[in-house]
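Trainee: Have a look at this one before I ask anything.
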Amino acid sequence: MDVWKAAAERARTHGDVLSLAAGQPSTPAPAPVLRAAKAAIDAELLGYTETFGILPLRRAIAGHHHRTYGYPVDPDDVVVTTGSSGAFTLIFLAAFDPGDTVVVARPGYPAYRNTLTALGCRVVELDCRAETRFQPTVAMLEDLPRPPKGLIVASPANPTGTMIDPDELAALARWCEAHGTLLISDEIYHGITYGGERTASAWETSRSSVVIGSVSKYFSMTGWRLGWMLAPARLRPALQRLASNMTVCPPAISQYGAVHAFGDEARTELEAHVQRYAVNRSILLEGLTGLGITDLAPADGAFYAYADIGHLTGDSMAWCADVLANTGVAVAPGADFDTVDGHRTVRLSFAGATAEIEAALGRLGDHLRRT
């Protein structure tokens, strides 16, 4: 957020910002979603909805999971939330008490750690390195002194873009079920993958786990603030009570629009975005390598390159600030994603326009040659 604020100020004063920091698509919602939202303004009250979301949307999400992964989902399994951020807050409150141990990967998405800490949980970070593609393994869980109350995994992951092998995800799910650990599987980047790798879902193995989804990433609807979870029946009463008190319901207009995000017309448009991400990915990874930034996480999915720049700096925050000030290129420092080694890493997003990726690489190359 500090980077975004600084980039906005740079844009105001210089008008030359190229952002490789934003973790969001640079495209609008699919055309059928926009049409449906406009129609809803005229046809619907747009008042409160059911706390867990309107039935047509829950049916659409259930059908999406069935078509994509092959497992049946009942609309009652689906809890629609105010963004995936809302889903995480709800499930953390419903499933964990202060003092409970919850395990996350490092590097990883900082909001897991920050929200859990704010709720009084004890967060244990697993040191995930390149040998395991920056992902947790059953062996790491076996090395813990006792089974944790929860485990959060993300595949594809933010910031690394790496994926968990389907067999390893199934093994994690079975281990968690056997040890009374709640597996929370962050699947919000599903649909954005490269090289033909299959994205497995935790519910393929264990209905005791929680699956988190969102329309923000693949569906190009970040500002619509709509996510969902597939939740076991035992957790739904608590989720219902919490959600009805905290948000009443997700945004109504977003729900009416999102019903149409899962159809063939939208998918054709969205797959074109993924093809552009793939082009941008190749340009960025090759360009960084050409600039001598070669220690990169394998970007299996999502739209990030995670780079070790320890040969350039020991302070990624200062380095990113310097790059922005001197080039207008915004890059996210790794300090937020990795509490130990983030001082030497950065995350670069390739979700923008291809021309912007190429221009940013040119400016970054000029800057590195000067310094």
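The values are calculated or read from the model by the stated rules, or taken from the named source; none is laboratory data. The model shown is predicted, which means the values in this text are computed figures rather than measured ones. Methodologically, a virtual Cβ is constructed for each residue, glycine included, from the backbone with ideal geometry; neighbour enumeration extends over all protein chains shown. Surface accessibility is based on the protein's heavy atoms, side chains included, excluding ligands, DNA and RNA. Shrake-Rupley method; radii C 1.70, N 1.55, O 1.52, S 1.80 Å.
Trainee: When only C-alpha pairs under 8 Å and at least 6 residues apart count, what is the relative contact order of the stretch 26-120, in percent?
Mentor: Numbers: 46 pairs, mean separation 17.4, N = 95.
Averaging sequence separation for qualifying contacts and normalising by length gives 18 percent for the stretch 26-120.
Trainee: Given the rule -39500 (n - 2.57) for each run of at least 4 DSSP H residues, summed and divided by the residues of the chain, what is its mean residue ellipticity at 222 nm, to the nearest 500 deg cm²/dmol?
Mentor: Numbers: 12 runs with 155 residues, N = 371.
Mean residue ellipticity, 222 nm, calculated: -13000 deg cm²/dmol.
Trainee: Which parts of the stretch 135-160 would a label at residue 278 reach, counting a residue when its backbone N lies under 19 Å from a point 7 Å out along Cα-to-Cβ?
Mentor: Taking a point 7 Å out along Cα→Cβ of residue 278, the residues of the stretch 135-160 whose backbone N falls under 19 Å are 156-157.
Trainee: Between 314, 328, 342, which gets the highest mean-square fluctuation from a Gaussian network model of the chain, Cα cutoff 10 Å?
Mentor: Result: 314 has the largest fluctuation of those listed.
Trainee: Still on this structure, please answer the following. With +1 assigned to the C-beta of every Lys and Arg and -1 to the C-beta of every Asp and Glu, and no other charges, what is the dipole magnitude of the stretch 173-242 about the Cα centre in debye, to the nearest 20? List each step's numbers first, then the result.
Mentor: Numbers: 8 positive and 5 negative charges, 62 e Å.
For this selection, approximately 300 debye.
Trainee: Along the charge dipole of the chain, pointing to its positive end and built from +1/-1 on Cβ of Lys, Arg, Asp and Glu, which listed residue (340, 256, 209) has its Cα farthest out?
Mentor: The residue sitting most towards the positive pole is 256.
Trainee: While we're on this one: Let's test the formula: R0 of 41 Å, r as the Cβ-Cβ distance of residue 246 and residue 74. What FRET efficiency results, to the nearest 0.05?
Mentor: Numbers: r = 24 Å, r/R0 = 0.59.
That pair, residue 246 with residue 74, gives E of 0.95.
Trainee: Taking 7 Å along the Cα-to-C-beta vector as the label spot, tell me the residue 34-residue 97 distance in nanometres, rounded to one decimal.
Mentor: Here the modelled spin labels are 5.1 nm apart.
Trainee: Now a separate question. If I model a spin label at residue 124 and residue 1 as a point 7 Å from the Cα along the Cα→Cβ vector, what separation in nanometres do I get?
Mentor: Result for the modelled spin labels: 2.9 nm.
Trainee: Heavy-atom accessible area per residue, the chain, 1.4 Å probe: how many Å²? Please list the in-between numbers first.
Mentor: Numbers: 15350 Å² over 371 residues.
Each residue of the chain exposes 41 Å² on average to a 1.4 Å probe.
Trainee: Run the numbers on the stretch 245-313 and let me know its relative contact order in percent, using alpha-carbon pairs under 8 Å that are six or more apart. Display every interim value, and only then the final one.
Mentor: Details: 26 pairs, mean separation 12.7, N = 69.
After rounding, I find 18 percent.
Trainee: Leaving ligands, DNA and RNA out of it, report the carbon-plus-sulfur percent of the accessible area of the stretch 16-97 at a 1.4 Å probe.
Mentor: Working: 1930 of 3540 Å².
Answer for the stretch 16-97 is 54 percent, counting heavy atoms of protein chains only.
Trainee: Under a plain spin-label model, where a point goes 7 Å from the Cα along Cα-to-Cβ, how far apart in nm are residue 43 and residue 26?
Mentor: So the label points at residue 43 and residue 26 sit 3.5 nm apart.
Trainee: Report, in debye and to the nearest 20, how large the dipole of the chain comes out about its Cα centre when Lys and Arg carry +1 and Asp and Glu carry -1 on their Cβ.
Mentor: Details: 31 positive and 40 negative charges, 134 e Å.
Magnitude of the dipole: close to 640 debye.
Trainee: Have a look at 43, 200, 87 and tell me which one the Gaussian network model of the chain (Cα, springs below 10 Å) gives the largest fluctuation.
Mentor: 43
Trainee: Moving to a separate point now. Counting Lys and Arg as +1 and Asp and Glu as -1, each charge on the Cβ, what is the dipole of the stretch 242-359 about the Cα centre in debye, to the nearest 20?
Mentor: Working: 5 positive and 15 negative charges, 36 e Å.
It works out to roughly 180 debye.
Trainee: Based on the Cα atoms of the chain, what semi-axes does the equivalent ellipsoid have, where each is the square root of 5 times one gyration tensor eigenvalue, given in whole Å with the largest first?
Mentor: Details: eigenvalues 211, 137, 70 Å².
Its equivalent ellipsoid spans semi-axes of 32, 26, 19 Å.
Trainee: When the Kirkwood radius is taken over all Cα pairs of the stretch 253-371, what Stokes-Einstein diffusion coefficient follows at 10 °C and 1.306 mPa s, in µm²/s?
Mentor: On the way: Rh = 15.6 Å.
Result for D is 102 µm²/s.
Trainee: Report in % the part of the accessible area of the stretch 183-244 that belongs to carbon and sulfur, leaving out ligands and nucleic acids; probe 1.4 Å.
Mentor: Values: 960 of 1900 Å².
Roughly 50 percent of what the probe reaches on the stretch 183-244 is carbon or sulfur.
Trainee: If you don't mind, another one. Apply the Karplus curve 6.51 cos²θ - 1.76 cosθ + 1.60, θ = phi - 60°, to the phi angles in the stretch 54-70 and return the couplings in whole Hz, x for Gly and Pro.
Mentor: Per residue, the Karplus-derived 3J(HN,Hα) values read 5, 4, x, 6, 5, 5, 5, 5, 4, x, 4, 5, 5, 5, 7, 10, x Hz.
Trainee: Here is a follow-up. Find the Cα radius of gyration of the stretch 183-297, compare it with 2.2 N^0.38 Å by division, and give the number to two decimals.
Mentor: Expressed relative to 2.2 N^0.38 Å, the Cα Rg reads 1.33.
Trainee: Rounded to the nearest 0.05, what FRET efficiency is calculated for residue 14 and residue 178 with R0 set to 41 Å and r the Cβ-Cβ distance? Can you show the working numbers first?
Mentor: Details: r = 56 Å, r/R0 = 1.37.
Once the sixth-power term is evaluated, E becomes 0.15.
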